[in-house]
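What follows is a set of notes on a single structure, which appears directly below.
Read-outs throughout are calculated quantities, based only on the coordinates presented, and are distinct from any laboratory measurement. The structure presented is a predicted model; accordingly, all values stated were derived computationally and were not measured. Reconstructed Cβ throughout: ideal geometry from the backbone, glycine too, with neighbour counts over all protein chains shown.
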């Protein structure tokens, strides 16, 4: 895979390039987030994106088509834990419906993995909703496998809760 910023040409699709997400991408990032069932406004996304881009422990990459359209994005962060060696966690991966099954997600994941490796991560982890069988097959094809059995728990805090 080419490093972030490199052009990728696929035989069944126009070329696209990978670059870091930028503040001006907030509207397109918000729209694609809605594709996965995480609707938000461009204004709310602008604040989230600014915080992620300002944190050196996070990276976010865009797949951009020849026409400048955002085909997908990935957000990855470094995890430092007392119970594990350094790792990275893919917080989100979204590819537009028209760009799916054309290598965009694969190249975005490669960019996230390269970034994680440069950060000293020994593993990349992610969560995928139990109902997303296509996503599970995609991650399996990339060499990911289910981790040790665990349940995810969540508790809302204050008035904002986890979705803020």
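Measure off 7 Å from each Cα along the Cα-to-Cβ vector at residue 66 and residue 106, then give the distance between these two points in nanometres to one decimal.
Label at residue 66, label at residue 106, 2.0 nm between them.
If I take the Cα coordinates of the chain and project them onto the principal axes, what are the three extents in Å, biggest first?
43, 36, 32
Using the count of nearby Cβ atoms within 10 Å as a rough guide to exposure, how do 109, 45 rank from fewest to most? Let's see the in-between values first.
Details: 109 23, 45 19.
By the 10 Å Cβ count, ascending, the order reads 45, 109.
If R₀ is 30 angstrom, what is the calculated FRET efficiency for the pair residue 125 and residue 159, using the beta carbon separation as r and rounding to 0.05? Spell out each step's value before the answer.
Working: r = 30 Å, r/R0 = 1.00.
Using R0 = 30 Å, I get an efficiency of 0.50.
Please report, to two decimal places, log10 I(q)/I(0) for region 31-114 at q = 0.19 Å⁻¹ as given by the Debye formula with identical point scatterers on the Cα atoms and no solvent.
With no solvent term, the Cα-only Debye profile gives -0.91.
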